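Taking it in order: structure first as structure tokens, then the write-up.
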Amino acid sequence: MRILLVGAGGVGAAFAAIAARRDFFEQIVVADYDVSRAERAAATDPRFVAAQVDASSAESVEALVREHSATHVMNAVDPRFVMPIFDGAFAAGVDYLDMAMSLSRPHADAPYSKVGVKLGDEQFDKAGEWESAGRLALCGIGVEPGLSDVFARYAADHLFSDIDELGVRDGANLAVEGYEFAPSFSIWTTIEECLNPPVVWEKGRDWFTTPPFSEPEVFDFPEGIGPVECVNVEHEEVLLMPRWVDAKRVTFKYGLGDEFIDVLKTLHKLGLDRTDKVRVGGVEVSPRDVVAACLPDPATLGDKMRGKTCAGLWVTGTGKDGSPRSTYLYHLVDNEWSMKEYGHQCVVWQTAVNPVVALELMADGTWSGTGVLGPEAFDAQPFLDLLTAYGSPWGIKELEVAAAS
């Protein structure tokens, strides 16, 4: 296995640090538009080499694959670049992985009730081509989407005979010292997720949308995080899980907090969430890019962060024994641990570990397939076993069944 890693930002650099401890691959080419950033990430292991890439160009990705005889392309940049990297991998005849799918576009007339172009639609439209070519595009294999989707497969296979709801719930108690506002993940991606109309799936109704920050609920996260208010957010799990796992309803809710929501609403009111460029003096610039440039790079905040982040899936329905069941399957990372052990903050580390695990399963043939597939299409048990073997175990918390009502 020879991997082309596109993107050496926070998640890409964490991916390299995790992969450096494994032996399932021959080479990783760490590529970034900023070659100095690629060089820093590649310096962690003699099997790594650095390269420059234009992630907006399928031709650039294809050329780099061919130059280094890569067998797999790992996409670790923000979702604006999904399609050129996806298409470049296909053109080069290799397998592909990403942690976020192609972007959505709201419905023109009813954005808060009907879906327009859904997350991943552009990729799924090409599934037949990938299948005919005998190539695999494993999409959404970060933590969310990714590990949460693995949990859905595990719950369906091992815990539940009938599922009422697959509800992804993400929360944290992270604080960043010295900053009034400092997101722990890409603000560009966060704006995209949180201000787009959230998607919900229901059996018999299919996918539909709601207004941003809808259906607030307080969810009690495990291992010291505690109660966090969560709201509906657009996310890939809702577009992936119903394709492979039988359930009556699928949701994604994110614990943002009042202050974060207020900031996002203000950005939207001022038009600073826009991606189309505006002219300022003699320069054209995207307002969202300006916001991102004004905030600290999340990858640099690790030594200032305190707390834990938790990603998980709340599953309700009927257990294998025929009794009502309410279960939260989760993965929790303490920032102090990830910084001490790997030198990377917990949010990017938690995202990056999952594609490394998936690639190792692909390398030994445990996971295989063709077409455009989500993590739900594969056996969950080997993934969860290997994740634990990486030193980062997952957990299960049984909840009061009444809490699911």
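Over the residues of the chain, the helix contribution to mean residue ellipticity at 222 nm works out to -9500 deg cm²/dmol, using -39500 (n - 2.57) for each DSSP H run of at least 4. Approximating the spin labels as points 7 Å out from Cα along Cα→Cβ, the Glu223-to-Glu400 distance works out to 2.5 nm.
Taken over the Cα atoms of the stretch 82-166, the convex hull encloses 129 Å³ per residue. From the Kirkwood radius over Cα pairs of the stretch 283-358, Stokes-Einstein at 20 °C and 1.002 mPa s returns a whole-number translational diffusion coefficient of 139 µm²/s. For the chain, the solvent-accessible area works out to 40 Å² per residue, with a probe of 1.4 Å and every protein chain left in place.
Rounded if a/c is under 1.5, else prolate if a/b is larger than b/c, else oblate: which is the stretch 99-142, with a ≥ b ≥ c the root eigenvalues of its Cα gyration tensor? Before the final figure, lay out the partial values.
Details: a/c = 4.73, a/b = 2.07, b/c = 2.29.
Because a/c hits 1.5 or more and a/b fails to exceed b/c, the stretch 99-142 counts as oblate.
For the stretch 86-137, the fraction of 1.4 Å probe accessible surface lying on carbon and sulfur atoms is 47 percent.
Over the chain, what is the relative contact order in whole percent, taking alpha-carbon pairs under 8 Å and six or more residues apart? About 19 percent, as a whole number.
When 1/r is averaged over all different Cα pairs and the result inverted, which Kirkwood radius in Å belongs to the stretch 1-120? Please list the in-between numbers first.
Numbers: mean 1/r = 0.0680 Å⁻¹.
Evaluated over the stretch 1-120, this radius sits at 14.7 Å.
The tail of the calculated P(r) for the stretch 175-265, taken as Cα-Cα distances beyond 17 Å, holds 56 percent of the pairs. All C-alpha pair distances within the chain, sorted into 10 Å bins from zero, spread as 5, 23, 35, 27, 9, 1, 0 percent across the bins. For Lys248, the lysines whose Cα falls under 20 Å of its own Cα, not counting residues fewer than eight places away in the same chain, are Lys114, Lys118, Lys203, Lys320. Cross-link partners among aspartates and glutamates for Lys126, C-alpha distance below 13 Å, same-chain residues fewer than 8 apart left out? Hits, sequence-local ones excluded: Asp87.
The values are calculated or read from the model by the stated rules, or taken from the named source; none is laboratory data. The structure displayed is predicted, hence computed values, not measured ones. Counting neighbours? That spans all protein chains shown, and the Cβs are built from the backbone with ideal geometry, glycine included. With ligands, DNA and RNA removed, areas are computed over all heavy atoms of the protein, side chains included. Shrake-Rupley method; radii C 1.70, N 1.55, O 1.52, S 1.80 Å.
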